[in-house]
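The values are calculated or read from the model by the stated rules, or taken from the named source; none is laboratory data. The model shown is predicted, which means the values in this text are computed figures rather than measured ones. Positions of Cβ are backbone-derived with ideal geometry, glycine not excepted, and every protein chain shown enters the neighbour counts.
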Amino acid sequence: MKKFILFSIMLPTVSSTIISCGEPPKKETGSSSTTPAIKDVNFDEAPKDTALFVGVQTRWEGNESGALSTHGHCKALTSVDSPEGPREECDILIPEGKLYYSDLIITLGSKLPATCAIVSFSVYGYQKSNSDDYIPPGESDKVKCATAPRANPACWGGAGPMLYSDYPKTGGQYIVLSGSTGSFSITIPSANSKSAGNNRATSNTLSAAGRVSNSVPGYVANSFYDYVISCRDIWAQPIYSFRLNIKDEDTEGTENSAPRDQIEDWQGY
């Protein structure tokens with residue numbers, strides 16, 4: 001089982017705490033903040049009974065001051081959604097070229113600290129090989145993905161190793177809300193800037209059948225971890241949660257041309 005060390009942000013006082021929580025781990029980086037850096041993701045305008053919020057935006061790589069594209073958001077409302085219910089799906093569709101050449105910005109938070117004291121993020125990732133003879137693309141040395149996969153981020157794919165340099169040891173982060181509204185943003189570098197080669201880097205759409213199969217190229221069965229956004233109360237009881245599904249949108253085609261898949265993802269598996 002992966003371990004999860006999470007970063008804690010206290011409001012209104014900011015402090016860091018490393019704890020063990022049973023999933024993969026996170027040290028704080030400059031990418032997260034107690035105040036959302038992105039204002040048009042709609043967290044500020046969300047209803048007062050928003051227990052859990054997640055919004056997704058992109059920005060073309062290498063352009064930190066450039067315009068943001070908002071692709072959607074999901075929220076759990078205490079007036080509508082049942083606490084401690086099943087995990088909800090949050091589907092976000094992004095054109096495949098924009099997804100590949102853009103940084104992915106995920107904002108999450110809560111307006112109800114009395115209900116959701118802890119808001120957490122788990123990153124998407126999967127194991128690419130379980131062989132000690134594995135040579136990562138662009139490398140020349142073998143990596144021990146059978147005997148020491150957790151010690152070698154190169155054995156892993158998805159957003160995890162792009163976001164956290166020691167993935168899967170680090171696999172997420174959280175904020176603790178102390179009496180006030182809070183949110184933070186996570187920026188995952190573009191797949192292109194990391195030479196990922198395809199949209200499997202950020203799109204977590206492998207089918208349920210594919211996840212348990214060893215027949216999917218470049219994938220080890222039962223090693224898949226989704227983006228999960230969740231909130232817990234002060235007893236760490238899960239209250240609301242989303243599985244965030246980042247979907248690679250292919251061209252629709254025209255009357256005279258079929259839809260085209262320009263950048264590979266998990267389509268067909």
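Candidates in the range 85-143 are the residues that are of a type in the set (D, E, K, R) and part of a strand (DSSP E or B); of these, the one that is nearest to residue 245 (Cα to Cα) is 91. Of the residues screened, residue 74 is one that is in contact with a strand residue (DSSP E or B) (Cβ under 6 Å, 6 or more places away or on another chain), within 16 Å of residue 47 (Cβ to Cβ) and hydrophobic (A, V, I, L, M, F, W, C).
Applying the condition of being modelled with pLDDT of 80 or more and small (Gly, Ala, Ser) to the range 26-63 and asking which residue is surrounded by the fewest Cβ atoms within 10 Å (Cβ to Cβ) yields 62. Could you tell me which of the residues 207, 180, 193, 185 is of a type in the set (S, T, N, Q) and within 23 Å of residue 152 (Cβ to Cβ)? Only one candidate qualifies: 193. Residue count for the range 172-194 satisfying the condition of being surrounded by 23 or more Cβ atoms within 10 Å (Cβ to Cβ) and touching a helix residue (DSSP H, G or I) at 6+ places or on another chain (Cβ under 6 Å): 2. Considering the range 143-167 alone, what residues qualify as being in contact with a strand residue (DSSP E or B) (Cβ under 9 Å, 6 or more places away or on another chain) and either over 17 Å from residue 131 (Cβ atoms) or hydroxyl-bearing (Ser, Thr, Tyr) (or both)? If the condition is that a residue be in contact with a strand residue (DSSP E or B) (Cβ under 9 Å, 6 or more places away or on another chain) and either over 17 Å from residue 131 (Cβ atoms) or hydroxyl-bearing (Ser, Thr, Tyr) (or both), then 158, 159, 160, 161, 162, 163, 164, 167 are the ones that fit.
In the range 74-89, the condition of being more than 19 Å from residue 194 (Cβ to Cβ), hydrophobic (A, V, I, L, M, F, W, C) and in contact with a Lys or Arg (Cβ under 8 Å, 6 or more places away or on another chain) is met by no residue. Within the range 150-159, the set of residues being assigned to a helix (DSSP H, G or I) and buried (at least 23 other Cβ atoms within 10 Å of the Cβ) comprises just one member, 155. Looking across the range 172-206, the residues that are assigned to a loop (DSSP other than H, G, I, E, B), of a type in the set (Gly, Ala, Ser) and over 25 Å from residue 63 (Cβ atoms) come down to 178, 179, 180.
Among the residues making up the range 212-234, those that are within 21 Å of the chain's Cα centre (by Cα), under 24 Å from residue 163 (Cα atoms) and free of Cβ contacts under 8 Å to residues at least 60 places away in the same chain are 221, 222. Taking the range 207-230 as the range and being hydroxyl-bearing (Ser, Thr, Tyr), assigned to a loop (DSSP other than H, G, I, E, B) and surrounded by 11 or more Cβ atoms within 10 Å (Cβ to Cβ) as the test, the residues that pass are 207, 213, 219, 223.
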